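The values are calculated or read from the model by the stated rules, or taken from the named source; none is laboratory data. From a predicted model like this one, the values you see are computed outputs, not experimental measurements. No Cβ is skipped: glycine too gets one built from the backbone with ideal geometry, and neighbour counts run over all protein chains shown.
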Amino acid sequence: MKKKMKHSQFMQGKKKRLRVSLVGLLIVTMLFGCVGCSNASKGKVSVEEAKSTIIMSLGDDYDVTLSEFYLYLIQYLYMQQMDPDSMLDSDDSSAIDTVLKQMRLELVEYLVALNTEDVKVKQENLDAVETDTANYMELFGKDFLAEYGIDEACVKQLFTEQAYIIALTDKAVEDMKKDYYEQYSKEYADNTFCSLSYALFPSIRYDEEGNAQTDDDGEYISLSEDEMKEQYAKAEELHRRALEGESLEDLIEEYGISASSGEEHNYKGAYSAKLNQAIENMNTGDISDIIETEAGYMIARMDNPDDTDYKEYVIQYAASDTANNMLTQMQQNWLSASGYSEAEADKEQLSKIDIKNLCQRMKDNGIY
């Protein structure tokens, strides 16, 4: 597995806010039993030949060997559960293109990890590489892997690369979370979040199991005018009893409106105009008037007019969610910036790979 590392030349100045994707697909296969090692394979190559045959170069930073490609390819076929009996001629080129794309991406991530000073792989993860490699070789079968030029060193290298990529991913996500936390803290700085409980006499029909009913067109079935008058009368009665001190939760259960009632957490001003007005000056424990909404007649109880804990939760959740959602897009931008997104592969060497035969070997040996 030949590698040419020039740390000072790769992605200088681009060490901050790295965006990567989660990897580790090979770990999945360790849940399965040992693969048999019988039957000869068409296109079989020696370990030495596969390790010395370069099928793609990422500039001066990394040479991809045939053995590495086979290792990725075997995993891809396993994940896709590709059936050799139903394979089309186009499946060969599709599989090869997909694997090359994945390799370009993950190897760029690995190179960035090596060249980013504040990315540190935990010792426990490095120690796990040894165990994972040994388990993988035992479960897949050394003889089977050797038929495609894959030896223990090749597998160990891949697990090592993935340990670095995961460390880089964790660091990238944490960096983005910090950035977005600051952004959302400023965005919500002037918002006052509140928590309230509400009883809602709905304007649509519910069945006995508490599911909203729909018509043949999938539209909710609205209550009739007379039924809405009955709902309002019940709302008045519940409202009176709540003001007299009865538990709102008990009343909700008694009136059978649990399916439409519940709790609400948001910032003041986020609701409808009527609801915003109703809760604007409520204190803890206050019961609102009956509020007519599009969903029905509501009675709200203010549980916390200034819920700073929930505000903090919203900010942290928004930062984390945005950071995770940004990974894929930022990852592609990062790959493009590396200059290796279109690295050419040795098509002549790849054309010799008999994917259908490889699928058959994997199927025959019980891999899937």
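Would you say residue 120 is in contact with a helix residue (DSSP H, G or I) (Cβ under 7 Å, 6 or more places away or on another chain), among the basic types (Lys, Arg) and modelled with pLDDT of 95 or more?
On the way: in contact with a helix residue (DSSP H, G or I) (Cβ under 7 Å, 6 or more places away or on another chain): yes; among the basic types (Lys, Arg): yes; modelled with pLDDT of 95 or more: no.
Answer is no for this residue.
Of the numbered conditions (1) loosely packed, with under 12 Cβ neighbours inside 10 Å; (2) at pLDDT below 95; (3) farther than 27 Å from residue 270 by Cα, residue 229 satisfies every one except a single condition; which is it?
(2)
Residue-wise test of (1) touching a Lys or Arg at 6+ places or on another chain (Cβ under 7 Å); (2) touching a residue at least 60 places away in the same chain (Cβ under 8 Å); (3) at positive phi.
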{"site": "206", "(1), (2), (3)": "no, no, no"}
{"site": "214", "(1), (2), (3)": "no, no, no"}
{"site": "220", "(1), (2), (3)": "no, no, no"}
{"site": "226", "(1), (2), (3)": "no, no, no"}
{"site": "230", "(1), (2), (3)": "no, no, no"}
{"site": "262", "(1), (2), (3)": "no, yes, yes"}
{"site": "265", "(1), (2), (3)": "no, yes, no"}
{"site": "283", "(1), (2), (3)": "no, no, no"}
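I'd like the residue in the range 59-81 that is among the polar types (S, T, N, Q) and more than 24 Å from the chain's Cα centre (by Cα) and, out of all such residues, is nearest to residue 362 (Cα to Cα). First the steps, then the outcome.
Taking the range 59-81 first, the residues among the polar types (S, T, N, Q) are 65, 67, 75, 80-81.
If we keep only those that are more than 24 Å from the chain's Cα centre (by Cα) too, we end up with 65, 67.
Numbers: 65: 21, 67: 17 Å.
Residue satisfying both the conditions and the ranking: 67.
Among the candidates 278, 337, single out the residue that is assigned to a helix (DSSP H, G or I), of a type in the set (A, V, I, L, M, F, W, C) and either farther than 30 Å from residue 166 by Cα or touching a strand residue (DSSP E or B) at 6+ places or on another chain (Cβ under 9 Å) (or both). I'd like the intermediate steps shown before the answer.
Details: 337 fails: either farther than 30 Å from residue 166 by Cα or touching a strand residue (DSSP E or B) at 6+ places or on another chain (Cβ under 9 Å) (or both).
Just one listed residue meets the conditions, 278.
Pairs under 7 Å by beta carbon, first residue in a helix (DSSP H, G or I) in the range 137-158, partner buried (at least 23 other Cβ atoms within 10 Å of the Cβ) and of a type in the set (S, T, N, Q), six or more apart or different chains?
Pairs that qualify, where the first residue is in a helix (DSSP H, G or I) and the partner is buried (at least 23 other Cβ atoms within 10 Å of the Cβ) and of a type in the set (S, T, N, Q), are 154/67.
Go through the range 281-304 and give me each residue that's outside any strand (DSSP E or B) and of a type outside the set (A, V, I, L, M).
Going residue by residue through the range 281-304, those that are outside any strand (DSSP E or B) are 281-286, 288-290, 294-295.
Those that are outside any strand (DSSP E or B) and of a type outside the set (A, V, I, L, M): 281, 283, 284, 285, 286, 288, 289, 294.
Scan 92, 60, 85 and give me the residue that is among the charged types (D, E, K, R), modelled with pLDDT under 90 and either surrounded by fewer than 15 Cβ atoms within 10 Å (Cβ to Cβ) or part of a loop (DSSP other than H, G, I, E, B) (or both). Reasoning before the result, please.
On the way: 92 fails: either surrounded by fewer than 15 Cβ atoms within 10 Å (Cβ to Cβ) or part of a loop (DSSP other than H, G, I, E, B) (or both); 60 fails: modelled with pLDDT under 90.
Just one listed residue meets the conditions, 85.
With respect to residue 330, is the statement that it is modelled with pLDDT of 95 or more, out of contact with any Cys (no Cβ under 8 Å at 6 or more places or on another chain) and either surrounded by 19 or more Cβ atoms within 10 Å (Cβ to Cβ) or not hydroxyl-bearing (Ser, Thr, Tyr) (or both) true?
Working: modelled with pLDDT of 95 or more: no; out of contact with any Cys (no Cβ under 8 Å at 6 or more places or on another chain): yes; either surrounded by 19 or more Cβ atoms within 10 Å (Cβ to Cβ) or not hydroxyl-bearing (Ser, Thr, Tyr) (or both): yes.
Spelling it out, it is not the case that residue 330 is modelled with pLDDT of 95 or more, out of contact with any Cys (no Cβ under 8 Å at 6 or more places or on another chain) and either surrounded by 19 or more Cβ atoms within 10 Å (Cβ to Cβ) or not hydroxyl-bearing (Ser, Thr, Tyr) (or both).
I'd like to know if the range 186-203 contains one or more residues that are among the aliphatic types (A, V, I, L, M), part of a loop (DSSP other than H, G, I, E, B) and either crowded, with 16+ Cβ neighbours inside 10 Å or without any contact (Cβ under 8 Å) to a residue 40 or more places away in the chain (or both). It would help to see each step written out before you state the result.
Of the residues in the range 186-203, the ones among the aliphatic types (A, V, I, L, M) are 189, 196, 199-200.
From what is left, the residues that are part of a loop (DSSP other than H, G, I, E, B) are 189.
Retained after the next criterion (residues that are either crowded, with 16+ Cβ neighbours inside 10 Å or without any contact (Cβ under 8 Å) to a residue 40 or more places away in the chain (or both)): 189.
Checked the range 186-203: at least one residue is among the aliphatic types (A, V, I, L, M), part of a loop (DSSP other than H, G, I, E, B) and either crowded, with 16+ Cβ neighbours inside 10 Å or without any contact (Cβ under 8 Å) to a residue 40 or more places away in the chain (or both).
Mind telling me which of the residues 102, 162 ends up being within 24 Å of the chain's Cα centre (by Cα), outside any loop (DSSP other than H, G, I, E, B) and surrounded by fewer than 20 Cβ atoms within 10 Å (Cβ to Cβ)? Step through it out loud before you land on a result.
On the way: 162 fails: surrounded by fewer than 20 Cβ atoms within 10 Å (Cβ to Cβ).
Only one candidate passes the filter, namely 102.
Hey, does the range 242-249 have a residue that's within 40 Å of the chain's Cα centre (by Cα), surrounded by 12 or more Cβ atoms within 10 Å (Cβ to Cβ) and touching a residue at least 24 places away in the same chain (Cβ under 8 Å)? Explain how you work it out, then say what you get.
Initial filter on the range 242-249 (within 40 Å of the chain's Cα centre (by Cα)): 248-249.
Still in the list and also surrounded by 12 or more Cβ atoms within 10 Å (Cβ to Cβ): 248-249.
Restricting the remaining residues to those that are touching a residue at least 24 places away in the same chain (Cβ under 8 Å) gives 248-249.
Looking through the range 242-249, at least one residue is within 40 Å of the chain's Cα centre (by Cα), surrounded by 12 or more Cβ atoms within 10 Å (Cβ to Cβ) and touching a residue at least 24 places away in the same chain (Cβ under 8 Å).
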